[in-house]
Amino acid sequence: MMFDQAAIGLILIVLLAMFVWGRVRYDIVAVGGLVVAVALGLVPAEKAFSGFGHPAVITVAAVLMMSRALQQSGAVHIITERIKNFSGTPIRQIGSLASVAAGLSGFMNNVGALALLMPVAMDSCRRVKRSPKLILMPVAFASILGGMVTLIGTPPNILIATIRADSLGEGFAMFDFAYVGLPVALLGTLFVTFVGWRLIPFHGDEKSGLTDPFQIDAYLSELAVPKASEAHGKTLSELEKLTEDIDVAIVGLVRRKRHYPRPPQHEPLTGHDRLIVQGSAEELDAFVQKLGLRMAGTKPDKSILVKAKQAVFSEAVVQQGSSIIGRTVGSLRLRGRYNVTLLGISRQGEASRGRLNDFRLRAGDVILVEGLENDVPDALQRLGCLPLAERSVSVGTERRAAMAVGLFAVAVGVAATGLLPIAVAFSGAIIGVVLLGILPVREMYTSIDWPVIVLLGALIPIGGAMETTGVTSLVADSIAGMAGVAGPAFLIALLLVVTMTLSDVLNNAATTVVMAPIGISVAQALDLSPDPFLMAVAIGASCAFLTPIGHQNNALIMGPGAYRFGDYWRVGLPLEILIVSASVPLILVFWPI
């Protein structure tokens, strides 16, 4: 038994260290930990993948799909349209956006809620010439706070309810979390609206985020193709091979006064052609010299590309979990695979001025791509990037929105009354939105955050091993030993603070899997109700405000808001202190020990 305890303890420590390090994706780390646990006999081989069929995992997947259905139907768009004009003052703008973000996050995935509101926030900031830096962090924090209100608002609540059901025979109901979560969410939203945004520092640039960091006009050039040049008679594919060591992108072709934003790759160039290229002054000079081209008069601006065959420019932020994170731009082969051209990259509000092909992407980076109107949205979705401009909504929005909201309301009602388990109720709603054509089958699966699903499926058996080996009891007994000196209320506060601290550096689902069983064991060791301890874990796991890595929403706003790592704690620390101060009394009142 001692070996088993030491082994599972070491596995857990290594997993936590790898999660914090962040160089290897957390789902890969979790599966690796599971494989080691099975190899050492800590998790029975026949139960190795039992976590993937756990009700919590199914529920998380179903909620993510239902969130996408609400987005696709236009139901949320109808709501966001109503708040566009509330941007007269920072308080009005933040208050309206933060309130909607918190409200939506109570009933849909909070990452999806922020994704819908970010384009609205960016557009309203441009209209009133206000820095997005003041707005995005309060809105992101409000979207996290709103998830605490209901069972389906955030994965930690779903996990805690199912862990309680596994341990005690009955889980939490749909709105049990609201007794504490709703007052805390309201208090936190008021804080970020009236106080929090004033704490956001500016680093010498009061208009951070207002100017175009890419300045593409300055880097667009029109080049003539003389007959004596190396480019004459060659195709664009051949030119790209000849100049692969030069960081210049060919973004258009002018042929007989017609503009082609997607020039044919295999047609030879002639002396009548003009190339529209993008690159820094140094790279353009090298490009011209190598191919024997010449400048063709006045520099073009972006409008000549936009007018040509519905070419569009789109800014997008790289989301956490995107497949392009850690890869160089050159390795992505964007034009060949996705039919788009990368024109610029911005990190924390600063445009990259080096070689784009060698640039290694991170979560939160903002990219600027150019392509045909029909190609760009699909490319950004496949790349795991969130557009920072509002999307158009198809005709028939009201009818589809009503159907989606109706199915969602029925699922919530059925789950809240206990007629069906929540996983079954939401699965039924998903079938409904697919049959009604609200959510295509293809998007049903792409809407699932698969790394989170894999993380949960792998960690649940490891969490079970912690209990069967007695590690959870050992940790719980150590914490319970403080009760004689400090009292149960102190232990609830301690559990809340420890969970909150872990959530600032770890995925909140991983934090919950580790801390919820400890909370139950502490309560059992003291012969107290486990509910206040589980509620403390629920609040703590949902409060990741100190770093950009603690929650996906924090990472999502880092690039568009030009935030630095240290900016988060300036708003997050007083917010977390406020939450702890309010949560402990509320827990003791509504969930007595």
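Residues whose amide H lies under 5 Å from that of Asn109, counting only those 5 or more places away or on a different chain, are Ser67; hydrogens are built 1.01 Å from N in the peptide plane. Between the C-alpha center of region 1-80 and that of region 116-194 there is a gap of 21 Å.
Could you work out the pair-distance distribution P(r) of region 40-86 from its alpha-carbon pairs, with 10 angstrom bin width and percents rounded to whole numbers? Spelled out per bin, shortest first, that is 21, 26, 21, 15, 11, 5, 0. A 1.4 Å probe, protein heavy atoms only, puts the accessible area of Asp176 near 40 Å².
Relative contact order of the chain, taken over Cα pairs closer than 8 Å and 6 or more residues apart, is 20 percent. For the chain, the solvent-accessible area with a 1.4 angstrom probe is 41 square angstrom per residue.
May I have the pair-distance distribution P(r) for the chain, computed from all Cα-Cα distances with 20 Å bins from 0 and rounded to whole percent? With 20 Å bins starting at 0, P(r) equals 20, 48, 26, 6, 0.
Which of the trypsin sites (Lys or Arg not before Pro) found in region 75-167 are in a DSSP loop and have at most 12 neighbouring Cβ atoms, other than their own, within 10 Å? Qualifying residues, ordered by number: Arg82, Lys129. Our note on the geometry: Cα centres of region 488-509 and region 542-593, 12 Å apart. Summary: within the chain, the longest segment free of GluC sites (Glu not before Pro) located in DSSP loops with at most 14 other C-beta atoms within 10 Å is 374-593. With semi-axes defined as the square roots of five times the eigenvalues of the C-alpha gyration tensor, the equivalent ellipsoid of region 221-294 measures 17, 13, 12 Å, largest first. Here the Karplus relation 6.51 cos²θ - 1.76 cosθ + 1.60, evaluated at θ = phi - 60°, turns the backbone of region 522-528 into coupling constants of 4, 4, 5, 5, 9, 6, 10 Hz, with x for every Gly and Pro. The string of couplings for region 64-81 from the Karplus curve (6.51, -1.76, 1.60, θ = phi - 60°) is 4, 5, 5, 4, 5, 4, 5, 5, 5, 6, x, 4, 6, 4, 4, 5, 5, 4 Hz, one whole number per residue in order, with x for Gly and Pro.
The values are calculated or read from the model by the stated rules, or taken from the named source; none is laboratory data. The model shown is predicted, which means the values in this text are computed figures rather than measured ones. So basically every Cβ, Gly included, is an ideal-geometry build from the backbone, and we count neighbours across all protein chains shown. Remember, those area values only see protein heavy atoms, side chains included, never the ligands or the DNA or RNA. Shrake-Rupley method; radii C 1.70, N 1.55, O 1.52, S 1.80 Å.
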